[in-house]
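The values are calculated or read from the model by the stated rules, or taken from the named source; none is laboratory data. Quick caveat: nothing in here was measured; it's all calculated off a predicted structure. FYI the Cβ positions are ideal-geometry reconstructions off the backbone, even for glycines, and counts take in every protein chain you see. Note: accessible area is taken over every heavy atom of the protein model, side chains too, but ligands, DNA and RNA are not part of it. Shrake-Rupley method; radii C 1.70, N 1.55, O 1.52, S 1.80 Å.
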Amino acid sequence: MHSWHPTFPSKRDTPLHPLRGVAAALALAGALSFAGNANAQAEGVPQNLPTIVLQSGMHIVRAAVAQSPAQRQTGLMFRREMAQHEGMLFVFDEASTQCFYMRNTPLPLSIAFIADDGSVVNLADMQPQTLDSHCSAKPVRYALEMNQGWFAKRGVKPGSRITGAPFKAAAVSAPAPVLR
């Protein structure tokens, strides 16, 4: 990790022309303002991501898709409300043990960790604004966050299936079973 230390000009390094110093200060202020706006968007404002339709039995879910590392890291942070049929699907590049926490997340959520074929591996209820870790019981590529209690109210439990485009693609790319 690198640390930044400001250096202060000596008397002999001071600009001779007063406008050179003003121009440098304005350029620095502009750069800091731009960085501040990017930070404000990343931290404090809920994400607006593309959505897909998933299904659990007869229940339809409109899920925002968090696919990039930055999208997954932000997740549902700062979201104050979410319709009952809405959620967020987290898509990872490779199956591994996935862990989630609720920093900056004011909504109580439930999470389903989902295998490539759409089967639910395990579920967890997560309390708002906590750093408690909630992890998949085995390596997975998908996790679906919904309002707390959504899965329980609909009878979704480990072994249940979630269907939709991501899981169809996984089924198509999976090798066909060998019959002997």
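Tally Lys/Arg at +1 and Asp/Glu at -1 over every other residue whose Cβ is under 13 Å from the Cβ of HIS59; what's the total?
On the way: positive: ARG62, LYS153, ARG154, ARG161; negative: GLU86.
Taking every other residue near HIS59 into account, the sum is +3.
Taking a ≥ b ≥ c as the square roots of the eigenvalues of the Cα gyration tensor of the range 57-122, is the shape rounded (a/c under 1.5), prolate (a/b larger than b/c) or oblate?
On the way: a/c = 1.70, a/b = 1.11, b/c = 1.53.
Because a/c hits 1.5 or more and a/b fails to exceed b/c, the range 57-122 counts as oblate.
Residues with beta-carbon under 13 Å from that of THR97, excluding THR97: net charge, scoring Lys, Arg +1 and Asp, Glu -1?
Values: positive: LYS138, ARG141; negative: GLU94.
Net charge in that neighbourhood comes out at +1.
Using θ = phi - 60° and the Karplus relation 6.51 cos²θ - 1.76 cosθ + 1.60, list the HN-Hα couplings for the range 113-126 in order, rounded to whole Hz, with x at every Gly or Pro.
After applying 6.51 cos²θ - 1.76 cosθ + 1.60, I find 8, 10, 6, 4, 7, x, 7, 6, 7, 7, 10, 8, 9, 10 Hz.
Using a cut-off of 19 Å between alpha-carbon atoms, which aspartates and glutamates can reach LYS153, once sequence neighbours fewer than 8 places away in the same chain are excluded?
Straight-distance partners of LYS153: GLU81, GLU86, ASP125, GLU145.
What full-extension length gain, to one decimal in nm, is calculated for SER68 and GLN129 as 0.36 nm per residue of separation minus the Cα-Cα distance? Working shown, then result.
On the way: separation 61, 0.36 × 61 = 21.96 nm, distance 2.27 nm.
Full extension of this stretch gives 19.7 nm more.
Just the number, please: carbon plus sulfur as a percent of the accessible area of the range 55-114, 1.4 Å probe, no ligands or DNA/RNA counted. Don't skip to the end; give the middle numbers.
Values: 1390 of 2890 Å².
On the range 55-114, the fraction of accessible area on carbon and sulfur atoms equals 48 percent.
At 1.4 Å probe radius, can you tell me the per residue accessible area of the range 54-119 in Å²?
On the way: 3060 Å² over 66 residues.
Ligands and nucleic acids excluded, the figure is 46 Å² per residue.
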